[in-house]
Amino acid sequence: YLITGGGGGLGRLLAAYLRDTYDARIVLVGRRGAAVPGFEYVRADVTDPDQAAAAAEHARLLYGRLNGVFHLAGTVDDGVYLTKDPARSAAVLAPKLAGLRNLDAATAADDLDVFALFSSIAAVVPNPGQADYAYANAFLDHYALQRGRPFISIGWPYWADGGMRAEGSG
């Protein structure tokens with residue numbers, strides 16, 4: 001299984017769960033170059049089609065096939081959209097939108113069991129300052145509906161562990 005956003009806390013938590021519970025073979029993918037102990041880690045930016053394809057190919061070469069993708073890549077950069085620099089919004093949108101399209105293209109020939117999109121309740125619950133993040137997650141939700149199985153989009157709430165939590169929680 002390929003887990004994007006694999007350099008973050010949530011990616012590591014998911015990888016450990018899948019490995020320990022299902023004996024899954026995991027390739028973590030992230031923009032940061034730091035290795036993750038106990039896992040195969042590929043440094044790649046999935047917003048680049050060639051890097052997304054190379055990450056998927058690495059998993060195939062390493063394990064013989066690719067069974068699924070967990071797309072966790074994302075970033076938050078809060079700011080009121082009326083005054084926010086468009087480049088900041090583009091940086092929020094890219095990991096989810098371009099990353100998803102590139103991963104879908106890179107795995108089009110694979111017989112995947114699952115293509116799980118880690119969305120957020122921000123897609124449906126207003127949060128001032130997160131219009132771009134809300135849009136990116138709504139895109140994931142609608143993409144999964146249009147594509148059907150094996151795509152699923154999960155609108156998670158804030159996480160107690162793994163990186164994204166509400167102010168003052170934790």
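The values are calculated or read from the model by the stated rules, or taken from the named source; none is laboratory data. What you are looking at is a predicted structure, and each value in this text was computed from that prediction instead of being measured. Positions of Cβ are generated from backbone atoms using ideal geometry, with glycine treated the same way; all protein chains shown enter the neighbour counts. The protein model used for the area step is the full one, side chains on, heavy atoms only, and it has no ligands, DNA or RNA in it. Shrake-Rupley method; radii C 1.70, N 1.55, O 1.52, S 1.80 Å.
Of LEU66, LEU93, which residue is under 26 Å from LEU145 (Cβ atoms) and either without any contact (Cβ under 8 Å) to a residue 60 or more places away in the chain or open to solvent by 70 Å² or more (accessible area, probe 1.4 Å) (or both)?
Checking each option against the conditions leaves just LEU93.
Got a sec? Which of LEU13, LEU28, LEU2 is touching a residue at least 40 places away in the same chain (Cβ under 8 Å) and within 24 Å of PRO157 (Cβ to Cβ)?
Result of the check over LEU13, LEU28, LEU2: LEU13.
Just checking, how many residues over segment 2-59 are assigned to a loop (DSSP other than H, G, I, E, B) and either small (Gly, Ala, Ser) or on the phi > 0 side of the Ramachandran plot (or both)?
Selection size over segment 2-59: 11.
Would you call LEU2 at pLDDT 95 or above and under 16 Å from the mean Cα position of the chain (by Cα)?
It is true that LEU2 is at pLDDT 95 or above and under 16 Å from the mean Cα position of the chain (by Cα).
Here is a list: LEU117, LEU66. Which entry is aliphatic (A, V, I, L, M) and part of a loop (DSSP other than H, G, I, E, B)?
Of LEU117, LEU66, the one residue that is aliphatic (A, V, I, L, M) and part of a loop (DSSP other than H, G, I, E, B) is LEU66.
When you go through (1) touching a Lys or Arg at 6+ places or on another chain (Cβ under 6 Å); (2) farther than 20 Å from ARG147 by Cβ one by one for GLY74, which number turns out not to apply?
The number of the failed condition is (2).
Quick check on segment 14-28. Is at least one of its residues within 14 Å of the chain's Cα centre (by Cα) and open to solvent by 40 Å² or more (accessible area, probe 1.4 Å)?
The answer is no, given that none of the residues of segment 14-28 is within 14 Å of the chain's Cα centre (by Cα) and open to solvent by 40 Å² or more (accessible area, probe 1.4 Å).
So which residues in segment 69-78 are in a loop (DSSP other than H, G, I, E, B) and crowded, with 17+ Cβ neighbours inside 10 Å?
Across segment 69-78, the qualifying residues are LEU72, ALA73, GLY74, THR75.
Looking at segment 79-88 only, could you name the residues that are among the charged types (D, E, K, R) and part of a loop (DSSP other than H, G, I, E, B)?
Passing the criteria: LYS84, ASP85.
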